[in-house]
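Scroll down for the structure; my scribbles are underneath it.
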Amino acid sequence: MFEEIQNKISNWLSGRRKPTRQFRIVVGLNQVDQMIPGGWNERLNSPTNDAENQINKRCQDIIKQIENSTEISAINIEYYSAFKRYRLIPLLTKIIQNAEAGFKIDSVEPADPFELADSEIKAVADEKRRKMGTSAEGESDSNKNNPDYLKNFMSDEEFNSILHKLEQETKYPPKVAVIGKSGVGKTTTINNLFNAQLKTSPTTVGTTKAQTKEFTLSTGGTLTVVDLPGYGRSEAEDPEYKKIYEAIIPECDIVLLILQANTRDFSDDIEMIKQITALLKNHPIPKR
């Protein structure tokens, strides 16, 4: 147990969780619920077993295609359905793994997929979670995550150093750049992935084609989302959009690029991934 605490201290003193890859980008393969006609069980709000296997197989093929064409790997890619709230936790995990100072959004709870299921199914899920939430083991884990708990294992100087790092990281709300073609589900993804409510009216950034929005999280705190203009619309617009990307992306903790999983042509998406990873190479740490 003491070794586990030492590892936590080491992570906190470093100021952030280091991503396993150098790129702070996550590619989300959205709308997988539309991949298999008739493959969704509305009562359970989940795919049938056969559809789930087919969805996984087809998404793994897409992931391999992206891996072979870009510098990112599967650690940067996840498939999901924002509309059906399917696989939001794996997507959120990828974001935390790859984000600069990802622990700032550790407390996010995605929207509940069982809210869309049959009422009986939802009741069973609610009761199970209620019992898990009141277990003694869960209460003990909660105490261990309290920074004051660490006072028992370190000097005042070490403890104050940790608090200083935490204050530095939480001084600014996490900033997420969201990008994707029109109709790919950016807004639904943000609303359900972070279980967020719009806090302020959108404000423009540089041009009316990019908007910064502040959201309040269900667990408290604030999330800043920059909704970037879509790409692949026209040869005239894309160069202008590139200027916006170059100005905004270096300031963000994570870039969430959303593409439509149930399509066959990913050429525009792959080209955009290449542009973003090249940009992140030159700006490995967000500007503050």
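The values are calculated or read from the model by the stated rules, or taken from the named source; none is laboratory data. Being a predicted model, the structure only gives us computed values, none of them experimental. Here the Cβ is made from the backbone with ideal geometry for all residues, glycine too, and neighbour counts use every protein chain on show. Note: accessible area is taken over every heavy atom of the protein model, side chains too, but ligands, DNA and RNA are not part of it. Shrake-Rupley method; radii C 1.70, N 1.55, O 1.52, S 1.80 Å.
Sort out which residues of segment 33-69 are surrounded by 14 or more Cβ atoms within 10 Å (Cβ to Cβ) and among the charged types (D, E, K, R), and write them in order of number.
D33, E52, R58, E67
Report the residue count in segment 71-93 for those that are open to solvent by less than 20 Å² (accessible area, probe 1.4 Å), more than 17 Å from Q260 (Cβ to Cβ) and part of a loop (DSSP other than H, G, I, E, B).
Within segment 71-93, residues that are open to solvent by less than 20 Å² (accessible area, probe 1.4 Å), more than 17 Å from Q260 (Cβ to Cβ) and part of a loop (DSSP other than H, G, I, E, B) number 1.
List every residue pair whose Cβ atoms lie under 7 Å apart, where the two residues are 6 or more positions apart in sequence or sit on different chains, the first residue falls within segment 215-231 and is within 15 Å of G185 (Cα to Cα), and the second residue, located anywhere, is among the basic types (K, R) and surrounded by 15 or more Cβ atoms within 10 Å (Cβ to Cβ).
Every condition considered, the pairs that remain are V225/K213; V226/K175; D227/K186; D227/K213; P229/K209; G230/K181; Y231/K181.
Working only within segment 242-265, note down all residues that are open to solvent by less than 10 Å² (accessible area, probe 1.4 Å) and either over 18 Å from K175 (Cα atoms) or in a loop (DSSP other than H, G, I, E, B) (or both).
C252, D253, L259, A261
Looking at segment 208-219, can you tell me whether even one residue there is open to solvent by less than 60 Å² (accessible area, probe 1.4 Å), at pLDDT 75 or above and more than 19 Å from the chain's Cα centre (by Cα)?
yes
From P110, P173, which residue is within 30 Å of I285 (Cα to Cα), part of a loop (DSSP other than H, G, I, E, B) and at pLDDT 85 or above?
Details: P173 fails: at pLDDT 85 or above.
Going through P110, P173 in turn, just one is within 30 Å of I285 (Cα to Cα), part of a loop (DSSP other than H, G, I, E, B) and at pLDDT 85 or above: P110.
Within segment 59-91, which residues are among the acidic types (D, E) and under 17 Å from the mean Cα position of the chain (by Cα)?
Going residue by residue through segment 59-91, those that are among the acidic types (D, E) are 61, 67, 71, 78.
The one that is among the acidic types (D, E) and under 17 Å from the mean Cα position of the chain (by Cα): E78.
Do you know which residues across segment 15-53 are among the small types (G, A, S) and either part of a helix (DSSP H, G or I) or at pLDDT 50 or above (or both)?
Taking segment 15-53 as the starting set, the residues that turn out to be among the small types (G, A, S) are 15, 28, 38-39, 46, 51.
Matches in segment 15-53: G28, G38, G39, S46, A51.
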